[in-house]
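Worksheet: one structure, shown below.
Since every read-out is calculated from the coordinates, none of them should be taken as a lab result. Since this is a predicted model, take the numbers as computed values, not measurements. Backbone-built Cβ (ideal geometry, glycine too); neighbour counts: all protein chains shown.
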Amino acid sequence: MTDRELTILLAEDDEGHAYLVQENLRDAGLANQVFHARDGQEALDFIHCQGAHTGRVPNGPLLLLLDINMPRVDGVEVLRRLKADPKTDEIPVIVLTTTDDPREVKRCYELGCSSYVTKPVDYDKFVEAIRRLGLFLSIVKVPSEDERK
Amino acid sequence: MTTTNGPVAPAPLGRPDDRPPTSDPLAAVLESASIAVIATDPDWLVRSWNRAAEELFGYSAGEMIGRPVLELVPRDRRDETRALLERVRAGERVPPFVADRLRRDGATVQVAVSAWPVRDPVGGFLGTGIAYTDRTDQARAEEEARRLRADLERRLADLTRTTEELRVSEERVRLVMESVQDYAILMLHPDGRVASWSPGAERLKGYRADEVVGRHFSLFYPPEAVARGWPEKELAAAAATGRLEDEGWRVRKDGSRFWANVIITAIRDGAGRLVGFGKVSRDLTARKHAEDEVRRLNAELDGRVRERTAELEAVNRDLAQRNAENEMFVYSVSHDLRSPLVNLQGFSRELEKASRGLAELLGDGTVPEAVKRRGQEVLDGKVAKSVGFIRAAVTRLSNIIDALLRLSRAGRVDYRWETVDVAQVVTQVVQAAQQTITERGATVRVGPLAPAWGDRTAVEQVFANLVGNALTYLDPARPGVIEIGQLPDEGTGGSTYFVRDNGLGMAEGHRQKIFQAFQRAHPGVGSGEGLGLAIVARVVERHRGRVWVESRPGEGSTFFVALTAPPAARGPRGEK
């Protein structure tokens, strides 16, 4: 079995953030495919290959970068549903959000997120945070989506 | 009168009649008379002795006939009696006189004696007739009569005196009754009819005496009281216990009602017979109204206090909830503001990157010099300036958002209550601000500070804000002096700390507002967000303390923070 490339699903309703995150991940040297879902529902559709993503064929490992504050289905709900479903509970979820409320952090870890990264408002720190995240993503081992069937 | 001896015969003597029978009717009359009648001869020897004499003296006729009559006379009176008998011999009739005579048994018997001469038809003295009437009963009766009379006279005197006393006393009572205006005093017959009426009663109840005397006193009661037989019950109770006191509504002649205090007293004669009732009533309407009013006002006040308390509690709950909502709102808004901020920051940086890219492009030799120069001017001028402004604004916005988050957190974070070493906290705050203090050339003096009860981080936040404020608003015209100390303990179970500066000070109008969010007394000075004192106020409020400021423009400000003492220090102080 070939070591297929990690796909990164970025669930982010803010186009600007999505752009900046992708830009900085690329700047950090991360060449993986990044798919941008505009809200929680689209992220779920992508993972379950349904709705707009009905035709998608799961291919290799998947990692979710998840924002919390999103319309329709918010990040916490996405996290809860993924971790409650044996088919998706192994997908690593890194919460990437502006919220630094300790209660929110606690809740996300309780629901089973792998990491919780705060987007710093200060742009230099933001860049640094995304760069480190990119380095981490480039070495992380993630179970393959399609192997679980 | 009959001539036979039958009807006038004396009571049987109970002893044998030893007398010779006689056929002389007169003798029979004498014999049967109830008066002792005897006859003597001229020498005062008894010749005749009738049955009544036998009875009176105890001697039978047989025993006495032939014996001197003087034997019946006590010795000491015999001469006197002999003289009397001599006068009878001389022809005198002696009318009845009272004297003592001797009975056969030696006892003395009081008798009324009368004596008269007995003569023959030619006037020859035959002897003396003597009649005796037993005075024993009569004497006793007379003695009794004397005694009775004396007693009567004494009683009469007593009675006269008593009557006089009574008259005086009655007059006094009448005067009192008539002068008493505030009491209705009346007498009732045992059946409840009015017997007497006082002017006070007239004044109180409105009836004149002639209108009411003889009528039943239930007249004075309201119909409902009459219906349940209350007047009669009162009389029965007074009769049973002697006295009854009652308060209740009574009715005047004009139908108006008054609240009366009534005392009914049963009056009994010497034999204990109920002769009537005394009734004293007083009009307590004013008092009753006053009491009712006081009760009503009290109840109303209670009600109002309860209502107001409930209202205040509701308002409090409402305020607390709104406060929590506000803080939650501030919190979420601040967070929502962060996302666009990231974009502003990120894309201004992207703009800078793009500008650099553009500048490199302009540096390419193929670009005409004029275009290169003008392009460079735009990039270095407008673009750089714009990006600079954007970034400054973003930094400022970021600071405000951070402060707002801190403010919302000041109200929301859970406190860890402990004894806070305020002296240590202040030392740390001053140390942290050392760089600014040095830059400003300020002097900071810290006095002794007592520990307080609170959340250490929050207390630190309070002093950091106050010291920071003092440093920010120092007056550049003079060397800054900041004093941190404590007011003398006033036994309030807490400490009042102060942070005093000799800085710019504030006008009164500003002092009201500075504890509200986004209010700054000196907008041009410093870079604060106008939230520091709002955070201080919120923290102190959550500590159930107090914060206030005294300030004069141009002289400086003193901020006071009153916090409670730790329980250990509070206890003994409270017991003093």
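Along the principal axes of its C-alpha atoms, what lengths does the stretch A:1-58 span, in descending order and rounded to whole Å?
Sorted largest first, the three principal extents are 35, 31, 12 Å.
A 25 angstrom limit on the alpha carbon distance is what I want to check against. Which of B:K233/B:K253; A:K119/B:K513; A:K87/A:K125; B:K385/B:K513 exceed it? Write down the numbers at each step before the final one.
Numbers: B:K233/B:K253 22 Å; A:K119/B:K513 35 Å; A:K87/A:K125 36 Å; B:K385/B:K513 36 Å.
Too far apart for the 25 Å limit: A:K119/B:K513; A:K87/A:K125; B:K385/B:K513.
Counting Lys +1, Arg +1, Asp -1, Glu -1, what net charge surrounds A:E128 among other residues with beta carbon under 13 Å of its beta carbon? Working shown, then result.
Working: positive: A:K119, A:K125, A:R131, A:R132, B:R349; negative: A:D27, A:D122, A:D124.
Summing Lys/Arg as +1 and Asp/Glu as -1 gives +2.
Take B:R208 and B:E232, extend 7 Å from each Cα along the Cα→Cβ direction, and tell me the distance between the two endpoints in nm.
3.2
Quote the Stokes-Einstein diffusion coefficient, in whole µm² s⁻¹, for the stretch B:415-575, based on the Kirkwood radius over alpha carbon pairs, a temperature of 37 °C and a viscosity of 0.692 mPa s. Walk me through the numbers before you get to the answer.
Values: Rh = 15.9 Å.
D, rounded to a whole number, is 206 µm²/s.
Given a cut-off of under 8 Å on Cα pairs at least six residues apart, what relative contact order in percent is computed for chain B? If you can, show how the numbers build up before the last one.
Working: 842 pairs, mean separation 36.8, N = 576.
Relative contact order comes out at 6 percent.
Using R₀ = 30 Å, calculate the FRET efficiency as 1/(1 + (r/R₀)^6) where r is the Cβ-Cβ separation of A:D122 and B:N326; round to 0.05. Mind showing how you got there, number by number?
Numbers: r = 27 Å, r/R0 = 0.91.
Between A:D122 and B:N326 the formula returns 0.65.
What is the gain in length, in nm to one decimal, between B:R478 and B:E541 on full extension, counting 0.36 nm per residue of separation less the C-alpha to C-alpha distance?
That works out to 19.3 nm of additional length.
Answer rounded, prolate or oblate for the protein assembly as shown, using the Cα gyration tensor with square roots of eigenvalues a ≥ b ≥ c: rounded when a/c is under 1.5, else prolate when a/b is larger than b/c, else oblate. List each step's numbers first, then the result.
On the way: a/c = 5.68, a/b = 4.31, b/c = 1.32.
It comes out prolate by the Cα gyration axes.
Arrange the following residues from fewest to most other Cβ atoms within 10 Å of their Cβ: B:V499, B:V315. Walk me through the intermediate numbers first.
Working: B:V499 25, B:V315 11.
Ordered from fewest to most neighbouring Cβ atoms within 10 Å, B:V499, B:V315 come out as B:V315, B:V499.
Starting from 0.36 nm per residue, how many nanometres of slack lie between B:D489 and B:R306 once their C-alpha separation is accounted for?
Numbers: separation 183, 0.36 × 183 = 65.88 nm, distance 3.62 nm.
My answer for the length gained is 62.3 nm.
Compute the length gained on full extension between B:L361 and B:Q138: take 0.36 nm times their separation in residues and subtract their Cα-Cα distance, giving the result in nm to one decimal. Can you show the working numbers first?
Numbers: separation 223, 0.36 × 223 = 80.28 nm, distance 17.74 nm.
So the extension gain works out to 62.5 nm.
Could you tell me whether the stretch A:61-149 comes out rounded, prolate or oblate from its Cα gyration tensor? Rule is a ≥ b ≥ c as square roots of the eigenvalues, rounded for a/c under 1.5, then prolate if a/b exceeds b/c, otherwise oblate. Don't skip to the end; give the middle numbers.
Values: a/c = 2.27, a/b = 1.28, b/c = 1.78.
In terms of gyration-tensor shape, oblate.
Considering Cα pairs under 8 angstrom that are at least six residues apart, work out the relative contact order of the stretch A:7-141 and quote it in whole percent.
On the way: 205 pairs, mean separation 34.8, N = 135.
About 26 percent, as a whole number.
B:E352 versus A:Q33, label points 7 Å from Cα toward the beta carbon: distance in nm?
The two pseudo-label positions are separated by 3.5 nm.
Give me B:S60, B:S198 ranked fewest to most by other Cβ atoms within 10 Å of their Cβ, as a rough exposure proxy. Can you show the working numbers first?
On the way: B:S60 19, B:S198 22.
Listed from fewest to most nearby Cβ atoms, that is B:S60, B:S198.
Provide, as a two-decimal number, the C-alpha radius of gyration of the stretch A:7-141 over 2.2 N^0.38 Å, N being how many residues it has. Walk me through the intermediate numbers first.
Working: Rg = 13.9 Å, N = 135, 2.2 N^0.38 = 14.2 Å.
Cα-based Rg divided by the globular estimate yields 0.98.
Kirkwood hydrodynamic radius of chain B from all distinct Cα pairs, in Å?
One over the average 1/r among Cα pairs gives 39.6 Å for chain B.
Can you give the local net charge around A:Q22? Use residues other than it whose beta-carbon is closer than 14 angstrom to its beta-carbon, Lys and Arg +1, Asp and Glu -1.
Working: positive: A:R26, A:R38, A:K119, A:R131; negative: A:E12, A:D14, A:E15, A:E23, A:D27, A:D67, B:E350.
Here the count lands on -3.
Can you quote the Å³ per residue value for the convex hull of the Cα atoms in the stretch B:25-134, rounded to an integer? If you can, show how the numbers build up before the last one.
Numbers: hull volume 10.2 nm³, N = 110.
Given the Cα convex hull of the stretch B:25-134, per-residue volume reads 93 Å³.
What translational diffusion coefficient, to the nearest whole µm²/s, does the stretch B:290-408 have by Stokes-Einstein, given a Kirkwood radius computed over alpha-carbon pairs, a temperature of 4 °C and 1.567 mPa s viscosity? It would help to have the intermediate numbers written out before the result.
Numbers: Rh = 19.9 Å.
For the chosen part, D equals 65 µm²/s.
Starting from the Cα gyration tensor of the stretch A:29-108, multiply each eigenvalue by 5, take the square root, and state the resulting semi-axes largest first in whole Å.
Numbers: eigenvalues 89, 43, 33 Å².
They are 21, 15, 13 Å, listed from largest to smallest.
Any chance you could check the Cα centroid distance between the stretch B:253-314 and the stretch B:90-134 for me, in angstrom?
91
For chain B, what is the calculated [θ] at 222 nm in deg cm²/dmol (nearest 500), taking -39500 (n - 2.57) for each run of four or more DSSP H residues and dividing by its residue count? Please list the in-between numbers first.
Working: 18 runs with 282 residues, N = 576.
After summing the helix terms and dividing by residue count, I get -16000 deg cm²/dmol.
One-quarter of the Cα convex hull surface for the stretch B:144-283, in nm²?
Working: hull surface 40.4 nm².
In nm², the orientation-averaged hull projection of the stretch B:144-283 is 10.1.
Of A:L64, A:L44, how do they rank once you tally other Cβ atoms within 10 Å and put the fewest first?
Numbers: A:L64 26, A:L44 22.
If I rank by nearby Cβ atoms, fewest first, I get A:L44, A:L64.
Can you tell me the FRET efficiency between B:I263 and B:V98 if r is taken as the Cβ-Cβ distance and R0 is 56 Å, rounded to the nearest 0.05? Spell out each step's value before the answer.
Details: r = 65 Å, r/R0 = 1.15.
Given R0 = 56 Å and the Cβ-Cβ separation, E is 0.30.
Output the direction-averaged projected area (hull surface divided by four) of the convex hull of the alpha-carbon atoms of the stretch B:74-217, in nm².
Numbers: hull surface 74.3 nm².
Projected over every direction and averaged, the Cα hull of the stretch B:74-217 covers 18.6 nm².
In Å, what is the Rg of the alpha-carbon atoms in the stretch B:444-518, and how long is Dmax?
For the stretch B:444-518, the Cα-based Rg and Dmax read 13.9, 40 Å.
How shielded is B:332-340 by partner chains, expressed as the average number of their Cβ atoms within 10 Å of its Cβ atoms? Working shown, then result.
Numbers: counts 3, 0, 1, 8, 3, 2, 9, 12, 4.
Mean partner shielding for this stretch: 5.
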